[in-house]
Amino acid sequence: MSPDSETVDHARALCSPVAVAFVRIVMTCRGVSEARARQIYLDYINGVQPEHAPVAFD
């Protein structure tokens, strides 16, 4: 059985020291779970605009 390529990509992205630090900082600063902090990181690296982010004007 081969793992889903998206799952492998996520696991690879989350195992870097930078990702681990980002997740820990988000957990501490925002008071969210590790799972939520990981999703925030994945959204960040994939360029997903958070709902509460300010709108950028050119």
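The values are calculated or read from the model by the stated rules, or taken from the named source; none is laboratory data. As the structure is a prediction and not an experimental result, all values here were calculated from the model. The accessibility values were calculated without ligands, DNA or RNA, using every heavy atom of the protein model including side chains. Shrake-Rupley method; radii C 1.70, N 1.55, O 1.52, S 1.80 Å.
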May I ask you to list the residues in region 23-43 that are of a type in the set (A, V, I, L, M, F, W, C) and open to solvent by less than 60 Å² (accessible area, probe 1.4 Å)? VAL23, VAL26, VAL32, ALA37, ILE40, LEU42
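Given the condition modelled with pLDDT of 90 or more and open to solvent by 50 Å² or more (accessible area, probe 1.4 Å), answer yes or no: does some residue in region 11-18 qualify? Full working, then the answer.
Of region 11-18, the ones modelled with pLDDT of 90 or more are 16-18.
Add one more test, that the residue is open to solvent by 50 Å² or more (accessible area, probe 1.4 Å), and what stays is 17-18.
Taking every residue of region 11-18 in turn, at least one turns out to be modelled with pLDDT of 90 or more and open to solvent by 50 Å² or more (accessible area, probe 1.4 Å).
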Look at region 28-44 and say how many of its residues are assigned to a helix (DSSP H, G or I) and more than 11 Å from the chain's Cα centre (by Cα). 3
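Considering only residues of region 44-58 that are open to solvent by less than 100 Å² (accessible area, probe 1.4 Å) and more than 11 Å from ALA19 (Cα to Cα), which is modelled with the lowest pLDDT? Reasoning before the result, please.
Taking region 44-58 first, the residues open to solvent by less than 100 Å² (accessible area, probe 1.4 Å) are 45, 47-48, 50, 53, 56.
Retained after the next criterion (residues that are more than 11 Å from ALA19 (Cα to Cα)): 47-48, 50, 53, 56.
On the way: GLY47: 87, VAL48: 85, PRO50: 69, ALA53: 59, ALA56: 56.
That would be ALA56.
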